[in-house]
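Trainee: Below you'll find the structure I mean.
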Amino acid sequence: MKKVERTRRLAPVAAVASVLTVGIVVAVAVSSSDSQTSGRASASPVSEPPAVQVPAGDPDDPSTWRLPIETYLPAKADAELMSSARDTLIDTCMRDAGHEAWVPAPDLPELGGRTLVDWRYGIHDAGLAAERGYHPAAAEQKAYDEAMQIGAVDKSGADQGKVEACARQADGTVPAPRHEDLAQQISGSSFAESQRDPAVVRAFAEWSACMATAGYQYQRPMDASDDAAFSDPAHVAAKEIATAKTDIACREAHQVARIWFDAETRLQQKAIKANHVALEKIRADNQSSARAAAKAVQ
């Protein structure tokens, strides 16, 4: 038996969408949902960028906040639809080719953040931190690890070339979810640039001073979650939990996440205005792909 190198659906979507690409050359003005449009609606390039509306969501829950660039990234539901439709076409192709024993890879359960903003600026769930520190929920981690271990065991005897041929055939009908370079670059650039915003720098300094009063020496919020002492996925020590609880208390006291989010929102709005024609084309392409996926599984 052999392992088939194919993962049906990557999760969490947020982990994909927040890949940071820094130092890119894009026409963005960054020198210093469900606002995402549904894949069922049509869109066309406009001569002027639409006004960007950013719903605040629950002020106490960053997972409900939405960044402007999310309008130009595949909506989570549409990305899942495209992946599911594409996988169905591949499975059908394999069985039509006589490989009845073909067993596709299982879906990967979500792990950690569920939206682009959830965990983008660090942890924020005090209850979870009190149990797991900087780690995802135990049940989520277990389900994810088990799915990774299972993988896809192919008993059909099909070679990798056949699987790839079926994948290409599926791509001709339903393209894989696309995270366009421009939209990703804006997302990554705004994340990096926002950390140099004066308001964010002040919030970081206040957070650091707050942590120091409890005996923790970290300069920036991500320094705590990235501490190598907390990197073991199978073990959550009492020190990690204590650090995470203090971390969240200091974040809340100095509104770190909200100040950071607001700074990044301003940067993204400028970038969208500078690149609105290209971004509208990306949004239209995403919608077209989602409609193709819906039609393929009807």
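Trainee: Of everything in region 92-114, what is closer than 30 Å to Ala139 by Cα, open to solvent by 50 Å² or more (accessible area, probe 1.4 Å) and of a type outside the set (Asp, Glu)? Give them in sequence order.
Mentor: Val103, Arg114
Trainee: State yes or no: is Arg40 closer than 25 Å to Ser289 by Cβ, modelled with pLDDT under 80 and among the basic types (Lys, Arg)?
Mentor: Against the criterion (closer than 25 Å to Ser289 by Cβ, modelled with pLDDT under 80 and among the basic types (Lys, Arg)), Arg40 qualifies.
Trainee: Exactly one condition in (1) within 22 Å of Arg291 (Cβ to Cβ); (2) open to solvent by 40 Å² or more (accessible area, probe 1.4 Å); (3) not in a helix (DSSP H, G or I) is false for Thr88; which is it?
Mentor: The failed condition is (3).
Rundown of residues vs (1) closer than 16 Å to Glu252 by Cα; (2) in contact with a Lys or Arg (Cβ under 6 Å, 6 or more places away or on another chain), yes/no style:
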position: Arg86; (1), (2): no, no
position: Met94; (1), (2): no, no
position: His99; (1), (2): no, no
position: Val103; (1), (2): no, no
position: Asp107; (1), (2): no, yes
position: Asp118; (1), (2): yes, no
position: Gly122; (1), (2): yes, no
position: Gly127; (1), (2): yes, no
position: Pro136; (1), (2): no, no
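Trainee: Anything in region 275-298 that is under 15 Å from Glu70 (Cα atoms), part of a loop (DSSP other than H, G, I, E, B) and touching a Ser or Thr at 6+ places or on another chain (Cβ under 8 Å)? List them, or say none.
Mentor: none
Trainee: Answer yes or no as to whether Gln169 is modelled with pLDDT under 95, open to solvent by 40 Å² or more (accessible area, probe 1.4 Å), in contact with a Cys (Cβ under 8 Å, 6 or more places away or on another chain) and polar (S, T, N, Q).
Mentor: yes
Trainee: Additional query: Does Val236 fit the bill of being in a helix (DSSP H, G or I) and among the β-branched types (Val, Ile, Thr)?
Mentor: no
Trainee: If you don't mind, there's one more thing I want to ask. Name the pairs whose Cβ atoms lie under 9 Å apart, with the first residue in region 171-185 and under 10 Å from Tyr72 (Cα atoms) and in a loop (DSSP other than H, G, I, E, B), the second modelled with pLDDT under 80 and open to solvent by 40 Å² or more (accessible area, probe 1.4 Å), and 6 or more positions between them or separate chains?
Mentor: His179/Val16; His179/Val19
Results for (1) at pLDDT 95 or above; (2) surrounded by 16 or more Cβ atoms within 10 Å (Cβ to Cβ); (3) in contact with a Leu (Cβ under 7 Å, 6 or more places away or on another chain); (4) not polar (S, T, N, Q), shown as yes or no for each residue.
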{"position": "Pro198", "(1), (2), (3), (4)": "yes, no, no, yes"}
{"position": "Phe230", "(1), (2), (3), (4)": "yes, yes, no, yes"}
{"position": "Leu267", "(1), (2), (3), (4)": "yes, yes, no, yes"}
{"position": "Glu280", "(1), (2), (3), (4)": "no, yes, no, yes"}
{"position": "Ser289", "(1), (2), (3), (4)": "no, yes, no, no"}
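The values are calculated or read from the model by the stated rules, or taken from the named source; none is laboratory data. Treat the numbers as computed from the prediction; the structure is a model and nothing was measured. Neighbour counts are summed over all protein chains in view; Cβ atoms, including those assigned to glycine, are modelled from backbone coordinates with ideal geometry. In case anyone asks, the SASA skips ligands and DNA or RNA and just uses the protein heavy atoms, side chains included. Shrake-Rupley method; radii C 1.70, N 1.55, O 1.52, S 1.80 Å.
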